[in-house]
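Working notes, structure below.
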Amino acid sequence: MRKKYRIFKALLRIRFQNLMMFRLGFWGPFFVDGSLFLVQLTVFDAIYANVERIGSWGRGEMILYIGTFSLINAVNMIVYFFGVNGIVEKIKSGEMDLYLTKPVSPLFRLTFERMNPGSVPLLVFSLCIVGYGAREAQLGVTWERLCAYCFFLGIMIVLYYCMEVLVRSIAFYIVSSARMEQLEGAGLELCMNLPGIAFYGIYKVIFYCILPYGIMATLPVQSLTGELTLQGAVYGAVLVCAFGGITALVWKKGMRRYNSASS
């Protein structure tokens, strides 16, 4: 663990050095992500302006949901998105060979080598929206609920990461994984606008079990509002462990199947 921590610090330092070589490349994302967030917020406001309730949730809970999903996505954009997103291209081009020769797990390096501090404004804005949503919902937030919210927020970030790696690990087994990435994008876009409590029947099976984007912001919000049952909490934790195991297995078997593009 200590070795990985030193490697993480080294990757972070190298990333900052590379970004600061081109100042526009460092400061540009602050403006772009901040502007994008404001546009998204305007769109969400237009969607929910005339909607009083979705299931048991009022406007405050829906704002809290949007802020929570945006918060999860912000951590994703800052920490691992740009590194994980390059997995497919590295497999196809044979660049993965370079990672196999390093004295550290290829997935660990891929995850943290392209951290993006330019998305920090998105994180700050998301926290503001979460606070505003909690105020609008007039929640009696206790330390127990806040700790539960942070816990489920943390494991949902892990689930988000596992899903991203899993989708891109398909490139080890098939020629093109573009359709899978399109499916991922469509599922995320839908679930960013519609909370999990709105899904029933086959849609709940899809977005709670197969593509579990529907629970990523729903469970943290339910834990903060006091709606989360023991069954729902256990299900969320078990699902994260299950997808973590599946992702690790698919990645490990994929690395064994990997053949250099030059071989």
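The values are calculated or read from the model by the stated rules, or taken from the named source; none is laboratory data. As the structure is a computational prediction, the values presented were derived from the model and not from experiment. Cβ: placed from backbone, ideal geometry, glycine included. Neighbour counts: every protein chain shown.
Quick check: is even one residue across the range 172-181 among the charged types (D, E, K, R) and either in contact with a helix residue (DSSP H, G or I) (Cβ under 8 Å, 6 or more places away or on another chain) or within 20 Å of LYS90 (Cα to Cα) (or both)? Yes, the range 172-181 contains a residue that is among the charged types (D, E, K, R) and either in contact with a helix residue (DSSP H, G or I) (Cβ under 8 Å, 6 or more places away or on another chain) or within 20 Å of LYS90 (Cα to Cα) (or both). Counted as qualifying within the range 199-263 are the helices (runs of 4 or more DSSP H) with 3 or more residues that are buried (at least 20 other Cβ atoms within 10 Å of the Cβ) and touching a residue at least 12 places away in the same chain (Cβ under 8 Å), namely 218-225, 230-257.
Buried (at least 18 other Cβ atoms within 10 Å of the Cβ) and out of contact with any Lys or Arg (no Cβ under 9 Å at 6 or more places or on another chain): does that describe VAL124? The answer is no for VAL124. Looking at the structure I just gave you, is LEU146 modelled with pLDDT of 85 or more, over 15 Å from ALA217 (Cβ atoms) and in a helix (DSSP H, G or I)? So LEU146 fits the description; yes. Here is a check on your reading of the model: is GLY83 buried (at least 17 other Cβ atoms within 10 Å of the Cβ) and either of a type in the set (A, V, I, L, M) or over 12 Å from the mean Cα position of the chain (by Cα) (or both)? The answer is yes for GLY83.
Can you find a residue that is in contact (Cβ under 8 Å) with a residue 60 or more places away in the chain and over 23 Å from the mean Cα position of the chain (by Cα) anywhere in the range 109-122? Checked the range 109-122: no residue is in contact (Cβ under 8 Å) with a residue 60 or more places away in the chain and over 23 Å from the mean Cα position of the chain (by Cα). Regarding LEU230, is this residue among the aliphatic types (A, V, I, L, M), in contact with a Cys (Cβ under 9 Å, 6 or more places away or on another chain) and over 24 Å from LEU127 (Cβ atoms)? When the stated conditions are applied, LEU230 does not pass them. With respect to the conditions (1) crowded, with 19+ Cβ neighbours inside 10 Å; (2) more than 16 Å from GLY236 (Cα to Cα); (3) out of contact with any Lys or Arg (no Cβ under 6 Å at 6 or more places or on another chain), PHE172 falls short on a single one, namely (3). Filtered by the rule that a residue be among the hydroxyl-bearing types (Ser, Thr, Tyr) and either at pLDDT below 90 or out of contact with any Pro (no Cβ under 9 Å at 6 or more places or on another chain) (or both), the range 160-218 gives TYR160, TYR161, SER169, TYR173, SER176, SER177, TYR200, TYR203, TYR208, TYR213.
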